[in-house]
Amino acid sequence: MLAAMPSRLLSSFCYLLFFLSLVAAGVESDERQILLSLKAALEKSNTNVFDSWNDTNSLCKFHGITCNSEGSVNGIELSYQKLSGVLPFDSICQLQSLEKLSLGFNFLNGKVEEDLKNCVTLWYLDLGNNIFSGPFPDISPLSQLQYLYLNQSGFTGAFPWKSLVNMAGLVQLSVGDNPFDITPFPTEVVNLKNLNWLYLSNCTLTGKIPAGIGNLTELRNLEFSDNFMSGEIPAEIGKLQKLQQLEFYNNSFSGKFPVGFGNLTSLKNFDGSMNLLEGDLSELRPLTNLVSLQLFENNLSGQIPEEFGEFKQLVNLSLYRNGLTGPIPQKIGSWAEFNFIDASENFLNGSIPPDMCSKGKMVALLLLQNKLTGEIPASYANCLTLKRFRVSNNSLSGTVPAGIWGLPKAEIIDIELNQLEGSVTSDIKNAKTLAQIYARMNRLAGEIPEEISEASKLVTIDLSENQISGKIPVGIGELKQLSTLHLQSNKLAGSIPSSLGSCNSLSDIDMAKNSLSGEIPSSLGYLPTLNSLNLSYNDISGEIPMSFTSLRLSLFDLSNNQLRGPIPQALSIQAYNGSLNGNPGLCSLDVISSFRSCSANSGMSKDVRTLIICFAIAFILLLVCLGLYLQLKQKEKDRERSLKEESWDVKSFHVLSFTEDEILDSIKQENLIGKGGSGNVYKVILSNGKELAVKHIWNTDSTGRKKSRSSSPMLAKRREKSKEFDAEVQTLSSIRHVNVVKLYCSITSEDSSLLVYEYMPNGSLWDRLHTSRKVELDWDTRYEIAVGAAKGLEYLHHGCERLVIHRDVKSSNILLDEFLKPRIADFGLAKIVQADIGKDSTHVIAGTHGYIAPEYGYTYKVNEKSDVYSFGVVLMELVTGKRPIEPEFGDNKDIVNWVCSKVQSKDGMNSVVDSRIPERYKDEAIKVLKIAILCTATLPALRPTMRSVVQMLEDADPCKLVGIVISKDGSGKVEVTDKELFKPSS
Ligand SMILES: *[C@@H]1O[C@H](CO)[C@@H](O)[C@H](O)[C@H]1NC(C)=O
Ligand SMILES: *[C@@H]1O[C@H](CO)[C@@H](O)[C@H](O)[C@H]1NC(C)=O
């Protein structure tokens, strides 16, 4: 047929074919150029997706590229490809047929160019989950868009909500998790009637939910959590009858669930936690398709509707921290593969629903702090999936089902503060993942099973205040991770197993108030991290092991036992005064107060002993007379006699440039600059102009009565005390740190001691914040004070040869130098001064009202974490500008209660920040406030160490956050000088 065609026609047909292929090739080569420029822009990506993007391969076979029937590129799908680089939208948008651009979950960075608006053929655009910067451009011309994903992409500034006006076809919109400028809920959105997916969480929205939300009747998913929105939930939301997921947690919504909320019958997942919602849950009764319901931390009240017990799909229920009353529907969780319940911290009564684990999937049963009664249902003993079982602080009774102790996946079993009976059973051998047992204050009896040794992940065992009897199992030594062992106030007998010494992580042992006998195993003295040991009120006999001399304990109590023999020298220190009382058989190697001297036993003849005693009595009488005489004579003189007349003993620990006389001359009324719990403080100006602060501590109490109650071995005791005092001062004066006040020396006489410190011209933080010497401390200065003081305290806790617990951290003990840099003062003093009081109390109690950690109230376990608490209070003072105790906090409330009651919401958080701190620093101030809240956790173990406090504070650095680089000399060096921070005002 071809042969029959005239040759002319044939040639023109060929010509046409050639021409068409030339056009196609031209388009092809343009698009190839565009794609290769995209490849070049993303060249540095750590990926091999571009291997196929080469000169020979067909364009439509490039990895991730799709073409339409004409062979033009219509889709780029390169999500999850580890791409990095800046997108060249100027070229990408020249792809004439591009409909789909999918680049989510990469590391694309830089700005998104204005040219994006030229991609007018797009109906699908995903740039979500990248690390772009700058604002997102106006995309009004992209009127074909149906899917727009920009969530978590780093865009800042104002979002171009107006662009959405042209996009009536939008089906899915996701722009959350971006730090946009604060803006009310965008009204443009509620006109997008085809939306079935709207994600606006965590993108700085304020204001109310517009009633127009009811227009979006196609919505399946609606999320606007983690914003700053408030007001009531509009009734119109009930029109969203296709809604399957609704999430608006962590806003400040208030009021009741609107009538009609129950129309949301398609709802499967609902999370409205962390708001201020009130009223009861009755509107939720028709939501029978709920799979997950989370409403924790609201102000909800009333009963949990009985209907919830019939929700056949429910697997997660979290209602903790509300004011719910009444019983928990007993059939709750019995239908589906129920996963967890947390209804803690309500006022629920009745019994624990028995069937929540009936499908064998339950992970957490958390019902702590309610008013539940009845028994722990036996069904949970078979709940092999259970990780967390916490029902503490209720009124549960009956026997703990045996299998509970042996739950194979359990990590925490917390049944404390109930009336539960039964014993810890041998099943515990199956508890291979159990880390914490809290069973304090129940009626548990029986013995601790030997099998406890097989629960090898145990970190905390608290079985205190029960009626447990028998011996402490030897196998306990196999618990290598055990840190806290509390067995106090039980009926344990037998001896303390020496195997306990192989629990190398033990830091806290309390076995007080049992009937333990036998000797103290010397192995306990070798526990490397032991911090607290209480064996008081037992029948322990034998000598105190010599190994104990190497322990450094913040709590040590062996009182009221049957110990005998010599007290190791290292334990005869005042801090442990009273720790050994009630052991009549103990004796002292050197002369310390209430113990008889060991040497009296050392085989002297009775005659010699009598003679010595007679001489001693005579000597003491003589001393007493002499003392009385001196005291009378002294009273005649003015109390403010010249201190110079006494004999002073100077202990200098730094190179001194002053004489003793210079100091003594200055201790007079007109130089008095402060009065503290422990003594008066004087300012001393030396002849060379140098200023010093001198603390004068009387060794007598305020009435002038000698503090030593028995006057017998007075002199010897006095000498002993002064030796100890000197040792303590020696230690303290060896501490050198820019944020700790320097102690130069001590000058002691018989009646008083002078501690010579460097002088701090700007007084204390307390003065600066709260008194007439108040100055406006700008935020930078406050922040620097917080960090500096934290570092000083960190040094005392972790930087010294031994742990120095301050015991009286407060803003008046944080002094400010000429540049307002902070220094910790009065460290360790509490110990010296308090030890002198010599009460029978085993424990040194110090501190100032408003700063004292709660554990002082019920235990006496003072350790460095008590300092952390007090420091948290100081941080709160810095952020709020309030004193630790203010009338406005209300009855029996201090700053800690007050802050905690306010910070439930972001608004509350803002409201406690000192109004003098400018708006732009509020975020940093809130960061510091959050650290303060951590520091003031009720449980010492939950407080951070000072080391991590410093770290956290530094992470909250305002300069880092707002990106200010303070360059003093224009060199670009980041440097903040004292002068720049010191911005005096009033
Ligand atoms: C181009 O990519 C294709 C597909 O991966 C491959 O088969 C071909 O060898 C590559 N050509 C060159 C020149 O690298
Ligand atoms: C909130 O958004 C920020 C970015 O603005 C992001 O870094 C953060 O992870 C988001 N928070 C959550 C809980 O997704």
Could you calculate the contour length gain from Q144 to D51, that is, 0.36 nm times the residue separation minus the distance between their Cα atoms, to one decimal place in nm? 30.3 nm
For the range 49-129: span of alpha carbons on each principal axis (Å, largest first): 31, 27, 19
About the Cα centre, and with charges only on the beta carbon of Lys, Arg (+1) and Asp, Glu (-1), how big is the dipole of the range 63-188? Nearest 20 debye, please. 140 debye
Dividing the alpha-carbon radius of gyration of the range 397-457 by 2.2 N^0.38 Å (N being the number of residues), what value is obtained? 1.01
Can you compute the charge dipole magnitude of the range 398-446 about its Cα centre, using +1 on each Lys and Arg Cβ and -1 on each Asp and Glu Cβ, nothing else charged? Give it in debye, rounded to the nearest 20. 120 debye
In order over the range 214-220: 3J(HN,Hα) from phi, Karplus 6.51/-1.76/1.60, θ = phi - 60°, whole Hz, x for each Gly or Pro, gives x, 5, 7, 6, 8, 4, 9
Excluding T945 itself, what net charge comes from residues whose Cβ is under 12 Å from its Cβ, given Lys and Arg +1 and Asp and Glu -1? 0
Return the loop-located GluC sites (Glu not before Pro) in the range 270-338 (DSSP other than H, G, I, E, B) with at most 16 other Cβ atoms within 10 Å of their own Cβ; answer none if there are none. E337
Once the piece of chain linking S397 and S426 is laid out straight, how much longer is it, given 0.36 nm per residue of separation minus the C-alpha distance between them? 8.4 nm
Rg (Å, one decimal) plus Dmax (Å, integer) for the alpha carbons of the range 772-818? 12.7, 39
Mind listing the long-range amide H neighbours of G674? Cut-off is under 5 Å, sequence gap 5 or more, other chains count too, H placed in the peptide plane at 1.01 Å from N. V681
For the range 515-589, with equal point scatterers placed on the C-alpha atoms only and solvent neglected, what are the log10 I(q)/I(0) values from the Debye formula at q = 0.18, 0.19 1/Å, to two decimals? -0.63, -0.71
For the range 287-396, the Cα convex hull volume per residue in Å³ comes to 79 Å³
Grab the Cα-Cα distance for V363 and L672, subtract it from 0.36 nm times how many residues apart they are, and report the gain in nm with one decimal. 104.8 nm
Can you pull the semi-axes for the range 473-516, root of five times each eigenvalue of the Cα gyration tensor, sorted largest first, whole Å? 18, 12, 7
Extent of the range 244-295 along each principal axis, from alpha carbon coordinates, in Å, largest to smallest? 26, 19, 12
Report the equivalent ellipsoid semi-axes for the range 475-599 in whole Å, largest first, defined as the square roots of five times the eigenvalues of the gyration tensor built from alpha carbon atoms. 23, 16, 12
Assuming R0 = 22 Å, can you tell me the calculated FRET efficiency for the pair D115 and K39, based on Cβ-Cβ distance, to the nearest 0.05? 0.75
Binned Cα-Cα distance frequencies in the range 868-939 - 10 Å width, integer %: 22, 58, 19, 1
On a C-alpha basis, how far is the centre of the range 498-533 from the centre of the range 191-206 in Å? Whole number, if you could? 60 Å
At 0.890 mPa s and 25 °C, plugging the Kirkwood radius over alpha-carbon pairs of the range 137-252 into Stokes-Einstein gives what diffusion coefficient in µm²/s? 174 µm²/s
Within the range 916-958, DSSP-loop GluC sites (Glu not before Pro) with at most 14 other C-beta atoms within 10 Å are none
Please report the orientation-averaged projected area of the range 387-533, defined via the convex hull of its C-alpha atoms, in nm². 7.2 nm²
Under 13 Å from the Cβ of I415, count the other residues' Cβ atoms, weight Lys and Arg +1, Asp and Glu -1, and hand me the total. -2
Vicinal HN-Hα couplings computed from phi for the range 382-389 (Karplus, 6.51 cos²θ - 1.76 cosθ + 1.60; Hz; Gly/Pro x): 9, 8, 5, 8, 5, 9, 10, 10
Take the residue pairs K409/K480; K432/K930; K44/K927; K44/K117; K359/K480 and return only those whose Cα atoms are more than 29 Å apart. K432/K930; K44/K927; K359/K480
For the range 204-286, convex hull of alpha carbons as volume per residue, Å³: 76 Å³
Report, ordered by chain and residue number, the aspartates and glutamates lying within cross-link reach of K690, taken as a straight Cα distance under 13 Å and ignoring same-chain residues fewer than 8 apart. E662, E758
What's the Cα-based Rg to Rh of the range 368-410, Rh via Kirkwood? 0.96
Please list, by residue number, every one of the trypsin sites (Lys or Arg not before Pro) in the range 875-943 that is coil in DSSP and has at most 12 other beta-carbon atoms within 10 Å. R916
For the range 280-341, state the average projected area of the convex hull of the C-alpha atoms over all orientations, rounded to one decimal in nm². 3.6 nm²
Let me see the P(r) profile for the range 732-792: every Cα-Cα distance counted, bins of 5 Å, each bin given as a percent of all pairs. 4, 14, 19, 20, 16, 12, 9, 4, 2, 0
Ratio of the Cα radius of gyration of the range 97-180 to 2.2 N^0.38 Å, where N counts its residues: 0.97
Taking a 24 Å limit on the Cα-Cα distance, which of the listed pairs K61/K100; K100/K208; K695/K882 fall beyond it? K100/K208; K695/K882
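Laboratory data are not the source of any read-out in this text; all were calculated from the coordinates shown. Small disclaimer: the values here were computed from a predicted structure and weren't measured. Every residue, glycine as well, gets a Cβ built from its backbone with ideal geometry; the counts of neighbours run over all protein chains shown.
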